[in-house]
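The values are calculated or read from the model by the stated rules, or taken from the named source; none is laboratory data. Quick caveat: nothing in here was measured; it's all calculated off a predicted structure. Cβ atoms come from the backbone with ideal geometry, glycine included; neighbour counts cover every protein chain shown.
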Amino acid sequence: MALTIRGYAAHSSTSALAPFNFTRRDARANDVVIDILYCGVCHSDIHQARNEWGNSLYPMVPGHEIIGRVSRVGAAVTRFKAGDMVGVGCMVDSCQHCESCAEGLEQYCDEHATLTYNGIDRHDGLPTYGGYSERIVVSDKFVLSLPETLDPKSAAPLLCAGITTYSPLRHWKIGAGHKIAVIGLGGLGHMGLKFAKAFGAEVTLFTRSPGKESEARRLGADHVVLSTDPAQMQAVSSHFDFILDTVPHQHDLNPYLATLKRDGTHVLVGLIEPLEPAVHAASLIMGRKSVVGSAIGGIAETQEMLDFCAANGIACDIEMIDIQNINGAYQRMLDSDVKYRFVIDMASLRREV
Ligand SMILES: [Zn+2]
Ligand SMILES: [Zn+2]
């Protein structure tokens, strides 16, 4: 029997999020039913609620930084039991047989991973609904264990903002002896600073606004460079091994490419639109530099990241909100007025009559 669920949904690209009742499937044999306690608010929630990527399905229940407690498991589930604290990130399924899935890189599944929301379930063809809701039903392979020592509220954004920055730093083996720069100090950027510091790199923040020095240092930066100041940019010419670019809107990469050393890498994690203005090929050729991209991380790596955070005392800096304030929170995110991630206390949804 399907479950009736309360949540918040966008009904069109221009409507505010509003209360919405919908149904979820009953647990299949390998499913975990999770009572959602907290859900982080990601920039991509706004992009998709407003159809800025042109692929939105309505009504849409956003949310892919989910922490909750298992209420029930299907007959074939052995890894989880009722009462366990768990997480769900950006994906809830994938083909499970392609080369990427076999390597634990489900986010690069040849047949495309099933997204936690704004996706279509690959078994029943029904839309997926995300974490701005009281309960979710997820295949056990896509459920993460929350380490006991992590605070469940500040762990929620690790499921997207955390893994999105952890995975590329790991893939390109960033560590001691590397000079790395992070562009942007938002949900992703502040996690990039923390992880890069924890991995032993020398860390610089690029920012467009002055006055962020003490905050950046508190979060792990050794240096801050004001990217609008030509003298400061010149001072870091050919300086960095690696740039983690978290900016979610179009921006000029050329000034940053000039700050990479030979063989340096500029990785994009926040932008999915065309690169504009254009990248000058000469700035790549002269110095054998790379512009690359990276998407979240696989399920095994996401678990590794959660365990790393627990072992190293790393968490997101968050501000808690009630679900009733979600539209105001979106506006504050667009105004860069959050340090550094909103997390919805889903108890506020349960209080609604
Ligand atoms: Zn996200
Ligand atoms: Zn696959």
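Taking (1) over 16 Å from the mean Cα position of the chain (by Cα); (2) of a type outside the set (Lys, Arg); (3) within 14 Å of ligand 1 (Cβ to nearest atom) in turn, Pro59 satisfies each apart from (3). Leu284: touching a strand residue (DSSP E or B) at 6+ places or on another chain (Cβ under 8 Å) and within 26 Å of Ile344 (Cβ to Cβ), yes or no? So Leu284 does not fit the description; no.
In region 82-129, what count of residues is obtained for those that are aliphatic (A, V, I, L, M) and either under 22 Å from Ile67 (Cβ atoms) or within 16 Å of ligand 1 (Cβ to nearest atom) (or both)? Outline the logic, then answer.
Residues of region 82-129 aliphatic (A, V, I, L, M): 82, 85-86, 88, 91-92, 102, 105, 113, 115, 120, 126.
Filter once more, so that each one left must be either under 22 Å from Ile67 (Cβ atoms) or within 16 Å of ligand 1 (Cβ to nearest atom) (or both): 82, 85-86, 88, 91-92, 113, 115.
Counting residues in region 82-129 that are aliphatic (A, V, I, L, M) and either under 22 Å from Ile67 (Cβ atoms) or within 16 Å of ligand 1 (Cβ to nearest atom) (or both) gives 8.
Of all the listed residues (Asn118, Asn55, Asn51), the sole one being surrounded by 20 or more Cβ atoms within 10 Å (Cβ to Cβ) and either small (Gly, Ala, Ser) or not in a helix (DSSP H, G or I) (or both) is Asn118. All told, Tyr108 meets the bar of being near ligand 2 (Cβ under 10 Å from one of its atoms), in the same structural domain as Arg50 (by TED's automatic domain parsing) and aromatic (Phe, Trp, Tyr).
His123 passes every criterion in (1) within 19 Å of the chain's Cα centre (by Cα); (2) within 16 Å of ligand 2 (Cβ to nearest atom); (3) surrounded by fewer than 20 Cβ atoms within 10 Å (Cβ to Cβ) apart from (1).
For (1) touching a Leu at 6+ places or on another chain (Cβ under 9 Å); (2) among the polar types (S, T, N, Q), each residue gets a yes or a no:
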| site | (1), (2) |
| --- | --- |
| Gln234 | no, yes |
| Tyr256 | no, no |
| Pro277 | yes, no |
| Ser283 | yes, yes |
| Met320 | no, no |
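Look through region 317-345, keep the residues that are assigned to a strand (DSSP E or B) and hydrophobic (A, V, I, L, M, F, W, C), and return whichever of them is surrounded by the most Cβ atoms within 10 Å (Cβ to Cβ). My answer is Ile344. Here His43 clears all of (1) in contact with a strand residue (DSSP E or B) (Cβ under 9 Å, 6 or more places away or on another chain); (2) at pLDDT below 95; (3) within 16 Å of ligand 1 (Cβ to nearest atom) except the condition numbered (1). At least 3 residues being out of contact with any Gly (no Cβ under 7 Å at 6 or more places or on another chain) and more than 27 Å from Val343 (Cα to Cα) is the threshold, and among the strands (runs of 3 or more DSSP E) wholly inside region 137-255 those reaching it are 223-226. For region 78-100, a residue qualifies if it is within 13 Å of ligand 2 (Cβ to nearest atom) and either part of a loop (DSSP other than H, G, I, E, B) or touching a Pro at 6+ places or on another chain (Cβ under 8 Å) (or both), and the qualifying residues are Ser94, Cys95, Gln96, His97, Cys98.
Within region 100-114, the set of residues being touching a helix residue (DSSP H, G or I) at 6+ places or on another chain (Cβ under 9 Å) and surrounded by fewer than 20 Cβ atoms within 10 Å (Cβ to Cβ) comprises Ser100, Gly104, Tyr108, Asp110, Glu111. In region 249-263, the residues that are modelled with pLDDT of 95 or more form Cβ pairs under 6 Å with partners that are among the aromatic types (Phe, Trp, Tyr), at six or more places apart or across chains, as follows: Thr259/Phe240; Leu260/Phe240. The set of residues in region 278-305 being exposed (fewer than 13 other Cβ atoms within 10 Å of the Cβ) and assigned to a loop (DSSP other than H, G, I, E, B) consists of Ala278, Met286, Arg288. Filtered by the rule that a residue be assigned to a loop (DSSP other than H, G, I, E, B) and under 18 Å from Val137 (Cβ atoms), region 27-48 gives Ala27, Arg28, Ala29, Asn30.
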